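Student: What follows is a single structure, and I will ask about it in a moment.
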Amino acid sequence: MVSADEALQLVLENVATLGVERTPILDALGRVLAEEIRSPRDIPGFDNSAMDGYAVRAADIDHASASSPARLRVLGTVGAGAMPAARVEAGTAMRTMTGAPVAAGADAIVPVERTRADGDTVEILSAAEPRTFIRPRGEDLREGELVMEAGKRLGAADLGMLASLNRSMIDVYRGPHVAIVATGDELVDVDQVPAGAQVVNSSAYALAGAVREAGGEPVILKVARDRPEEIRARLTEAFAFDAVLSTGGVSVGQFDHVKGALDELGMRQIFHGVAQRPGRPLKFGTVGNRPIFGLPGNPVSTMVCFYLYVRPALLRMGGRRDLGLPRVAMRCAVDIRTAKDLTEFVRVRLRREGGELYATPTGNQGSGILSSLSRADALLIGPSDATVLKAGAQVTGLVLAADAVTASEPFFERPLCQKN
């Protein structure tokens, strides 16, 4: 049996980034860039106005004021997308809209609020320094400038940036296709009400959601009943995918056939058993370059093992560099008992008090109590060398719900006035 740290290290040593695929940028949100992006030209490609106003020569208005305005002849109007039809010479101005090119000869923009129009002339009511309200050519990007490096996870602003570079198609790392194989005679699907000793196959749906969160594409295969031949057939089908997640059948019970089936199908076992709670029976190995995770059958054990080991593996396969759940420091709100000689991952709720996070267990920590994980904001890491974490003790947790540790209210610079 390996430690939790050793298990993660072994998993990451045995997974690799998948291949590259070309995709439209509208399908690239959240994907990982697999190429270097450089600007093919200056952006913007011309000096343009930052305000609606008048393009002028700063020297013509250097003494202008409201009491003694400079009077200039207006040559015309330039809107965004149009080119100026004339050059600004001494004593003239060009009416210029936001984003429109600055006419040759002009070196400043005077906002319309500082002017007074009078037919074909305009009175300038204040002086302006050269380059005032002018966005220079190449202010955003210069031709050949590095815009994005390979390995960047693409956000919404990145898609806009790529569009501005005329990159409608880009190379990204392929997300893993993941087979989910649930095993057990007791399992029924989500639309069937369980009867007798039956239970709903909830773990498969939780895993599918978690795979999607990690950038993968999940496929839930037909449940394999507790018969060796059926489990072998379903696992053989799953080997067509980039990664395989099975649930149940990896312990030492009479009907735990997954371990034997994986061995018969040629899986190279890396480890079987982790010194942790929940999730001790976890089995991990490979078939070719394909990672195989034999997850425990209890739903909490399944999901905790996913977050600790499967998620980092899938993220690496998809080209990500940030592999772990966010770690935060927190304090125990109450005394918390943990397992002897095992690393225990305690499901906790978080509250912020005095600038610190306080953790309270979500209730009964049994590995079959999925509600304890659904209600959790984080997994508190209970060290293997402790059995009681005293109230007030500082510990480390892995964040499951980001909104529990960050401010998620709409931003206002100043508090809104309350209505009476």
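Student: Just checking, does segment 305-319 include any residue being farther than 24 Å from Ser246 by Cβ and not in a helix (DSSP H, G or I)? Walk me through it before giving the result.
Tutor: Within segment 305-319, the first condition is being farther than 24 Å from Ser246 by Cβ, and the residues that meet it are 319.
Keeping just the survivors that are not in a helix (DSSP H, G or I) gives 319.
Taking every residue of segment 305-319 in turn, at least one turns out to be farther than 24 Å from Ser246 by Cβ and not in a helix (DSSP H, G or I).
Student: Kindly provide the set of residues from segment 199-215 that are among the β-branched types (Val, Ile, Thr) and under 17 Å from Leu314 (Cβ atoms), ordered by number.
Tutor: Across segment 199-215, the qualifying residue is only Val211.
Student: Out of Leu380, Leu370, Leu398, which single residue is closer than 23 Å to Ser203 by Cβ and open to solvent by 30 Å² or more (accessible area, probe 1.4 Å)? Write out each step before concluding.
Tutor: Numbers: Leu380 fails: open to solvent by 30 Å² or more (accessible area, probe 1.4 Å); Leu398 fails: open to solvent by 30 Å² or more (accessible area, probe 1.4 Å).
Just one listed residue meets the conditions, Leu370.
Student: Now for a different question. Give segment 7-37 a look and list any residue that's within 30 Å of Asn166 (Cβ to Cβ) and assigned to a loop (DSSP other than H, G, I, E, B), or say none.
Tutor: Of segment 7-37, the ones within 30 Å of Asn166 (Cβ to Cβ) are 17-37.
Across segment 7-37, the qualifying residues are Thr17, Leu18, Gly19, Ala28, Leu29, Gly30, Arg31, Ala34, Glu35, Glu36.
Student: Among the numbered criteria (1) more than 22 Å from the chain's Cα centre (by Cα); (2) modelled with pLDDT of 95 or more; (3) surrounded by 15 or more Cβ atoms within 10 Å (Cβ to Cβ), which single criterion is violated by Gly144?
Tutor: Result: Gly144 fails condition (3) only.
Student: Now for a separate question. Which residue pairs have Cβ atoms closer than 9 Å, lie 6 or more positions apart in sequence or on different chains, and pair a first residue in segment 1-19 that is within 23 Å of Phe345 (Cα to Cα) with a second residue that is among the β-branched types (Val, Ile, Thr) and in a helix (DSSP H, G or I)?
Tutor: Listed by first residue and then by second, the contacts come to Val11/Val310.
Student: Continuing with this model, one more query. So for segment 366-375 (the condition being modelled with pLDDT of 85 or more, within 26 Å of the chain's Cα centre (by Cα) and more than 19 Å from Pro299 (Cα to Cα)), does at least one residue qualify? Spell out the reasoning first.
Tutor: The initial filter retains those residues of segment 366-375 that are modelled with pLDDT of 85 or more, namely 366-375.
Checking the rest, the ones that are also within 26 Å of the chain's Cα centre (by Cα) come to 370-375.
Next cut, more than 19 Å from Pro299 (Cα to Cα) only: none.
Scanning segment 366-375, I find no residue that is modelled with pLDDT of 85 or more, within 26 Å of the chain's Cα centre (by Cα) and more than 19 Å from Pro299 (Cα to Cα), so the answer is no.
Student: So which residues in segment 383-395 are open to solvent by 50 Å² or more (accessible area, probe 1.4 Å) and assigned to a loop (DSSP other than H, G, I, E, B)?
Tutor: Pro383, Ser384, Asp385, Thr387, Lys390, Ala391 - these are the residues of segment 383-395 that are open to solvent by 50 Å² or more (accessible area, probe 1.4 Å) and assigned to a loop (DSSP other than H, G, I, E, B).
Student: If the requirement is being open to solvent by 20 Å² or more (accessible area, probe 1.4 Å) and within 24 Å of Val172 (Cβ to Cβ), which of these qualifies: Arg280, Arg321?
Tutor: Values: Arg280 fails: within 24 Å of Val172 (Cβ to Cβ).
Just one listed residue meets the conditions, Arg321.
Student: Name the residue, out of Val112, Val102, that is crowded, with 19+ Cβ neighbours inside 10 Å and over 30 Å from Glu36 (Cβ atoms).
Tutor: Details: Val112 fails: crowded, with 19+ Cβ neighbours inside 10 Å.
Val102 is the lone residue from the list that is crowded, with 19+ Cβ neighbours inside 10 Å and over 30 Å from Glu36 (Cβ atoms).
Student: In segment 396-406, what residues are assigned to a loop (DSSP other than H, G, I, E, B) and polar (S, T, N, Q)? Walk me through it before giving the result.
Tutor: So in segment 396-406, the residues assigned to a loop (DSSP other than H, G, I, E, B) come out as 400-401, 405-406.
Selection gives Thr406 alone.
Student: Just checking, which of Gly151, Gly138 is out of contact with any helix residue (DSSP H, G or I) (no Cβ under 8 Å at 6 or more places or on another chain), in a loop (DSSP other than H, G, I, E, B), open to solvent by less than 20 Å² (accessible area, probe 1.4 Å) and more than 29 Å from Leu245 (Cβ to Cβ)?
Tutor: On the way: Gly151 fails: more than 29 Å from Leu245 (Cβ to Cβ).
None of the others qualify; the one that does is Gly138.
Student: Hey, can you tell me all the residues within segment 307-349 that are closer than 19 Å to Val399 by Cβ and of a type in the set (Lys, Arg)?
Tutor: Selection gives Arg311, Arg320, Arg321, Arg327, Arg331, Arg347, Arg349.
Student: So Asp242 passes all but one of these: (1) open to solvent by less than 10 Å² (accessible area, probe 1.4 Å); (2) within 26 Å of the chain's Cα centre (by Cα). Which condition number does it fail?
Tutor: Failed condition: (1).
Student: Can I ask one more? Looking only at segment 191-206, filter to residues that are within 36 Å of the chain's Cα centre (by Cα) and under 17 Å from Asn298 (Cα atoms); which one of those is surrounded by the most Cβ atoms within 10 Å (Cβ to Cβ)? Steps first, answer last, please.
Tutor: Taking segment 191-206 first, the residues within 36 Å of the chain's Cα centre (by Cα) are 191-193, 199-206.
Subset that is under 17 Å from Asn298 (Cα atoms): 199-206.
Working: Val199: 13, Val200: 17, Asn201: 23, Ser202: 15, Ser203: 27, Ala204: 23, Tyr205: 16, Ala206: 20.
It comes out as Ser203.
Student: Just a yes or no: is a residue in segment 244-267 outside any strand (DSSP E or B) and under 30 Å from Ala359 (Cα atoms)?
Tutor: Keep residues of segment 244-267 that are outside any strand (DSSP E or B), which gives 248-267.
Subset that is under 30 Å from Ala359 (Cα atoms): none.
No, segment 244-267 contains no residue that is outside any strand (DSSP E or B) and under 30 Å from Ala359 (Cα atoms).
Student: Here are some conditions: (1) under 24 Å from Arg316 (Cα atoms); (2) assigned to a loop (DSSP other than H, G, I, E, B); (3) more than 29 Å from the chain's Cα centre (by Cα). Ile270 meets all but one. Which one does it not meet?
Tutor: Failing condition for Ile270: (2).
Student: If I ask for residues that are more than 25 Å from the chain's Cα centre (by Cα), among the aliphatic types (A, V, I, L, M) and surrounded by fewer than 20 Cβ atoms within 10 Å (Cβ to Cβ), which ones from segment 324-341 would you list? Lay out the reasoning, then the answer.
Tutor: Start the filter on segment 324-341 by keeping residues that are more than 25 Å from the chain's Cα centre (by Cα), which leaves 331-341.
Subsequent filtering for residues that are among the aliphatic types (A, V, I, L, M) retains 333-334, 336, 339.
Answer for segment 324-341, where residues must be more than 25 Å from the chain's Cα centre (by Cα), among the aliphatic types (A, V, I, L, M) and surrounded by fewer than 20 Cβ atoms within 10 Å (Cβ to Cβ): Ala333, Val334, Ala339.
Student: Select, from Glu217, Glu213, Glu229, the only residue that is in contact with a strand residue (DSSP E or B) (Cβ under 8 Å, 6 or more places away or on another chain), of a type in the set (Asp, Glu) and modelled with pLDDT of 85 or more.
Tutor: Values: Glu213 fails: in contact with a strand residue (DSSP E or B) (Cβ under 8 Å, 6 or more places away or on another chain); Glu229 fails: in contact with a strand residue (DSSP E or B) (Cβ under 8 Å, 6 or more places away or on another chain).
Criteria check complete, one pass: Glu217.
Student: A further question follows. Can you say whether Asp27 is surrounded by fewer than 17 Cβ atoms within 10 Å (Cβ to Cβ), of a type outside the set (A, V, I, L, M), out of contact with any Ser or Thr (no Cβ under 6 Å at 6 or more places or on another chain) and touching a residue at least 40 places away in the same chain (Cβ under 8 Å), as far as the supplied structure shows? Give the steps one after another, and end with the answer.
Tutor: Details: surrounded by fewer than 17 Cβ atoms within 10 Å (Cβ to Cβ): yes; of a type outside the set (A, V, I, L, M): yes; out of contact with any Ser or Thr (no Cβ under 6 Å at 6 or more places or on another chain): yes; touching a residue at least 40 places away in the same chain (Cβ under 8 Å): no.
No: the conditions fail for Asp27.
Student: With the structure loaded, tell me whether Arg212 is open to solvent by 70 Å² or more (accessible area, probe 1.4 Å) and either in contact (Cβ under 8 Å) with a residue 60 or more places away in the chain or not β-branched (Val, Ile, Thr) (or both) or whether it fails that test. Reasoning before the result, please.
Tutor: On the way: open to solvent by 70 Å² or more (accessible area, probe 1.4 Å): yes; either in contact (Cβ under 8 Å) with a residue 60 or more places away in the chain or not β-branched (Val, Ile, Thr) (or both): yes.
For Arg212, the condition - open to solvent by 70 Å² or more (accessible area, probe 1.4 Å) and either in contact (Cβ under 8 Å) with a residue 60 or more places away in the chain or not β-branched (Val, Ile, Thr) (or both) - is met.
Student: Take segment 52-81 and flag every residue that is more than 9 Å from Arg95 (Cβ to Cβ), open to solvent by less than 70 Å² (accessible area, probe 1.4 Å) and assigned to a strand (DSSP E or B).
Tutor: Val56, Ala70, Leu72
The values are calculated or read from the model by the stated rules, or taken from the named source; none is laboratory data. This structure is a prediction, so every number in the text was calculated from the model and none was measured. Reconstructed Cβ throughout: ideal geometry from the backbone, glycine too, with neighbour counts over all protein chains shown. Just so you know, the surface numbers come from the protein's heavy atoms only, side chains and all, with ligands and any DNA or RNA stripped out. Shrake-Rupley method; radii C 1.70, N 1.55, O 1.52, S 1.80 Å.
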